[in-house]
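S.K.: Please find one structure pasted underneath; my questions will follow.
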Amino acid sequence: MDEQVLYGKGLLTKDDIYLFREGRHYRLYEKMGSHIMEVDGVRGTHFAVWAPNAASISVTGDFNGWNTESHPLAPRWDESGIWEGFIPGVDRGALYKYHIKSSVNGYVVDKGDPFAFTWELPPNTASVVWDLDYGWNDSGWMGQRGEKNGLASPMSVYEMHLGSWRRVPEEGARPLSYQELAEQLPGYLNEMGFTHVEFLPVMEHPFYGSWGYQSLGYFAPTSRYGSPQDFMRLIDALHESGIGVLLDWVPSHFPTDEHGLGYFDGTHLYEHEDPRQGFHPDWQSDIYNYGRNEVRSFLISSGIFWLDKFHADGLRVDAVASMLYLDYSRNEGEWIPNRFGGRENIEAIEFLRIMNEAVYKEFPDTQTMAEESTAWPQVSRPTYLGGLGFGMKWNMGWMHDTLAYFSMDPIHRKYHQGQLTFSIWYAFNENFVLPLSHDEVVHGKGSLLGKMPGDSWQKFANLRLLLGYMWAHPGKKLLFMGGEFGQGLEWNHDSSLSWDQLQYDNHRGVKRWMEDLNRFYQSEPALYAKDFSQDGFAWVDFHDSEQSIVIFMRKDGEGRTVLVALNGTPVPRSNYRVGVPSAGYWREVLNSDSTEYGGAGWGNLGGVESKPVPSHDFFDSISLTLPPLGIVYFRKD
């Protein structure tokens, strides 16, 4: 019944094939997969799939009773390995898979479409014919987002998992839809003062408990919460409210589900064949073959796709360290050295550089961020300088040291002050984001509040101190949902955040503190304009470990200065003399121990006048009350 399929009517040109095979086609989603179109006045869908080792491929779906013989595709004449065909009458909403008979060992399998724009609701696994038509309303945001996403701009990121932010208890505790999130999330983020939101991977994934980090639909937002257009509306609503949207993206590995990318045409097409290169022991998943040009085109097209079709403002690239090192999480003999005998994954390094170059060429007003947990040099430096080309890098060292410090009993902190101060030694080697992410509040690690030592008062005071220190430290900020109001329980992806805790003063106090931190942060260039320059930071005193006191300044390079003093003990310090760079009245603009945040009210009655008393190598100084387990910010009037 070949007459049911028309051939030679596809979207791919000779140039497309050339770029695809060169690894430099970055918009494959416009040509591959399923596309609704008209051929000779007849509406239908064109299908194109890469499977060079297939003996035959047909499209099977609900439109043909899942017949595996009635709608065969034909291989292109150019030896690209792409099979294609136009099927009249197949339209939006049709379910389908590719029935692949391999030329190798008689392997037969039904595969989902790697380029599908949406999929059936999991656990069902069929791809769905769809379009990406949408009328955007975010021109105002798009016109200014280069400034909003810039390295010299404030960036306070709310990291969240869509399925467990809020649920609907009266409807079986179901997650909110994209449409419901579009109605509720922008207002909340504006109330809290966050500048950006970062979604854990929305790309379609078979296992909900992977939080999206086991992605298979690299061109499809998960159908768990609605359609692609519904997700577009969510991003549109956020942009209309002045909120940037960052997406987690996982080009490091993919799950082994049969309907996915693994062993796609009876061969290891997307992944390495040798498990020492192609299988990830930590995640029991497949690793991409970055040396294969067609795979590079596929992955880079995915990254570009979310920036292009969904107006995302940036990509946070997951597990970069696992990509860079051939021996990552492997013992001796379990990995294959590169051609020079080293442990560096040369193909992955080249892929990351090309990917970043492509993103910044196509969308210079966006950002890429690396979750890279080692000391790999120049992650956030341009490729022409030998860097990987990311815009920013997560500062995992800061996160580990800071949480270790704040988790210990204050009586021991004087012996560990270096864990707070060491980060400044390397703070300007990269463009750092300070992350307190989802990874720190799962798998028995407890919530941020739960990590804090002491009784209830000390726990909340320590949490406010931690957040105040983080917002004062050089680097952009990222906080996982729930941390902004001191959720007591660690995160559970199967339930909502504990919003009911906001009936209690202590939790409301943390939330109010977070709101005020974000407001002041955005209003004060000294706290963000020079995040990535030594010129934006100066120590006043980091030697008073006996009293666990740290004092420093943030500067914007144009004369604005914020003085920050931290007291890591539950003992208030009165008449504590601090040198200041200029004489005058220093206003106390933030105090984590204020009673409105749930504190005891220790402070400086709104501010202090300096005196010509030398201290800390300055001619003038102020005498402060440093609240217990507190942090205070001052700005000179």
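S.K.: Please list, ordered by chain and number, the residues whose modelled amide H lies under 5 Å from the amide H of Gly630; skip anything fewer than 5 residues away on the same chain.
M.R.: Asn567, Thr569
S.K.: To continue, here is another question. Got a number for the accessible area of Lys530? Probe 1.4 Å, square angstrom, nearest 10.
M.R.: So the heavy atoms of Lys530 present about 70 Å² to solvent.
S.K.: How do Tyr576, Tyr270 rank by accessible surface area computed with a 1.4 Å probe, from largest to smallest?
M.R.: From most exposed to least exposed: Tyr576, Tyr270.
S.K.: Once you charge only the Cβ atoms, +1 for Lys and Arg and -1 for Asp and Glu, what is the size of the charge dipole of segment 115-243 about its Cα centre, to the nearest 20 debye?
M.R.: Taking the Cα centre of segment 115-243 as origin, the dipole is about 260 debye.
S.K.: At a 1.4 Å probe radius, carbon and sulfur cover how many percent of the accessible area of the chain?
M.R.: Its accessible area is 49 percent carbon and sulfur atoms.
S.K.: Right, something else. Taking a 1.4 Å probe, which of Tyr26, Tyr213 shows the most accessible area, and what order do the others take after it?
M.R.: Tyr26, Tyr213
S.K.: Could you run the Karplus curve 6.51 cos²θ - 1.76 cosθ + 1.60 with θ = phi - 60° over segment 459-474 and give me ³J(HN,Hα) per residue in whole Hz, x for Gly and Pro?
M.R.: Per residue, the Karplus-derived 3J(HN,Hα) values read 4, 5, 5, 5, 5, 4, 5, 4, 5, x, 5, 4, 6, 8, 6, x Hz.
S.K.: With the contact rule set at Cα under 8 Å and sequence spacing of 6 or more, what percent relative contact order holds for the chain?
M.R.: 10 percent
S.K.: Something else about it: Report Arg508's accessible area, 1.4 Å probe, all protein chains in place, as a number in Å² to the nearest 10.
M.R.: 80 Å²
S.K.: Rounded to the nearest 10 degrees, what's the angle between the helix 396-407 long axis and the longest principal axis of the chain, both from Cα atoms, 0 to 90?
M.R.: The angle comes out near 50 degrees.
S.K.: So how tilted is helix 293-308 from the main axis of the chain? Cα-based, degrees 0 to 90, rounded to 10.
M.R.: Tilt relative to the chain: about 60 degrees.
S.K.: Label-point separation (nm) for Ser103 and Gln534, each offset 7 Å from Cα along Cα-to-Cβ?
M.R.: 6.0 nm
S.K.: Follow-up question, since we're still on this one. When the dipole is taken about the Cα centre of the chain, and only Lys, Arg (+1) and Asp, Glu (-1) are charged at their Cβ, what size is it in debye, to the nearest 20?
M.R.: The dipole of the chain has a size of about 1620 debye.
S.K.: For the pair Arg587/Asp62, report the inter-label distance in nm, with labels modelled 7 Å from Cα in the Cβ direction.
M.R.: About 6.1 nm separates the two model spin labels.
S.K.: Working from Cα positions, state the angle (0 to 90°, nearest 10) between the long axis of helix 139-148 and the longest principal axis of the chain.
M.R.: Helix 139-148 sits roughly 50 degrees off the main axis of the chain.
S.K.: Would you compute, from DSSP H runs of 4+ residues alone, the mean residue ellipticity of the chain at 222 nm, taking -39500 (n - 2.57) per run and dividing by the full residue count, rounded to the nearest 500?
M.R.: Helix-only estimate at 222 nm: -7000 deg cm²/dmol.
S.K.: Using θ = phi - 60° and the Karplus form 6.51 cos²θ - 1.76 cosθ + 1.60, what ³J(HN,Hα) does each residue of segment 273-287 get, whole Hz, x for Gly and Pro?
M.R.: Going residue by residue, I get 6, 6, x, 5, 10, x, 10, 9, x, 6, 10, 6, 9, 8, 10 Hz, with x marking Gly and Pro.
S.K.: While we're looking at this one, here's another question. Putting +1 on Lys and Arg Cβ atoms and -1 on Asp and Glu Cβ atoms, find which of Phe310, Val589, His268 reaches farthest to the positive end of the dipole of the chain.
M.R.: The Cα lying farthest towards the positive end belongs to Val589.
S.K.: Using alpha-carbon pairs under 8 Å, 6+ residues apart, how would you state the relative contact order of segment 497-630 in percent?
M.R.: Relative contact order for segment 497-630 comes out at 23 percent.
S.K.: Would you pull out the residues with amide H under 5 Å of Val90's amide H, same chain only if 5 or more places away, H placed 1.01 Å from N?
M.R.: Close amide H contacts, sequence-distant or interchain: Thr45.
S.K.: How big is the chain on each of its three principal axes, counting only the C-alpha atoms and giving the largest first in Å?
M.R.: Ordered largest first, the chain gives principal extents of 93, 60, 43 Å.
S.K.: Still on this model: With the contact rule set at Cα under 8 Å and sequence spacing of 6 or more, what percent relative contact order holds for segment 1-67?
M.R.: The normalised contact order for segment 1-67 reaches 21 percent.
S.K.: Report the Cα centroid-to-centroid distance between segment 393-450 and segment 188-261 in angstrom, as an integer.
M.R.: If we compute the Cα centre of each part, the gap is 27 Å.
S.K.: At Val613 and Asn137, where each label point lies 7 Å from the Cα along Cα→Cβ, what is the point-to-point distance in nanometres?
M.R.: Label-label distance for Val613 and Asn137, simple model: 5.9 nm.
S.K.: Continuing with the same structure: Each residue of segment 575-581 in turn: what ³J(HN,Hα) in whole Hz from Karplus with 6.51, -1.76, 1.60 and θ = phi - 60°, glycine and Pro shown as x?
M.R.: Taking θ as phi minus 60°, the curve returns 6, 8, 8, 10, x, 10, x Hz for segment 575-581.
S.K.: Might you work out the accessible area of His268 for me, using a 1.4 Å probe with all protein chains in place, and round it to the nearest 10 Å²?
M.R.: 70 Å²
S.K.: I would also like to ask the following. Is there a quick way to get the dipole size of segment 338-414? I mean about its Cα centre, with the Cβ of Lys and Arg at +1 and of Asp and Glu at -1; what is the value in debye to the nearest 20?
M.R.: Around 280 debye, computed over segment 338-414.
S.K.: For the chain, with the dipole built from +1 on Lys and Arg beta-carbon atoms and -1 on Asp and Glu ones, taken about the Cα centre, which of Gln419, Pro614, Gly212 lies farthest toward the positive end?
M.R.: The one lying farthest along the dipole's positive direction is Pro614.
S.K.: Picking from Thr256, Ala48, Leu162, whose Cα lies most toward the positive end of the charge dipole for the chain (charges on Cβ: Lys, Arg +1; Asp, Glu -1)?
M.R.: Leu162
S.K.: Next question. Non-local amide H neighbours of Leu315 (under 5 Å, H modeled in plane, Pro and chain starts lacking H): which ones?
M.R.: Those lying under 5 Å, H to H, from Leu315 are Leu247, Gln367, Thr368, Met369.
S.K.: Now for a different question. Run down the lysines and flag those whose C-alpha is under 18 Å from the C-alpha of Lys101, throwing out any fewer than 8 positions away in its chain.
M.R.: Lys111
S.K.: Taking a cut-off of 21 Å between Cα atoms, list the lysines near Lys393, but don't count ones fewer than 8 places away on the same chain.
M.R.: List returned: Lys148, Lys361, Lys476, Lys477, Lys530.
The values are calculated or read from the model by the stated rules, or taken from the named source; none is laboratory data. This is a predicted model, so every value here is computed, not measured. Please note: Cβ atoms are built from the backbone with ideal geometry, for glycine as well, and neighbour counts cover all protein chains shown. These accessible areas exclude ligands, DNA and RNA; they are computed on the full protein's heavy atoms, side chains included. Shrake-Rupley method; radii C 1.70, N 1.55, O 1.52, S 1.80 Å.
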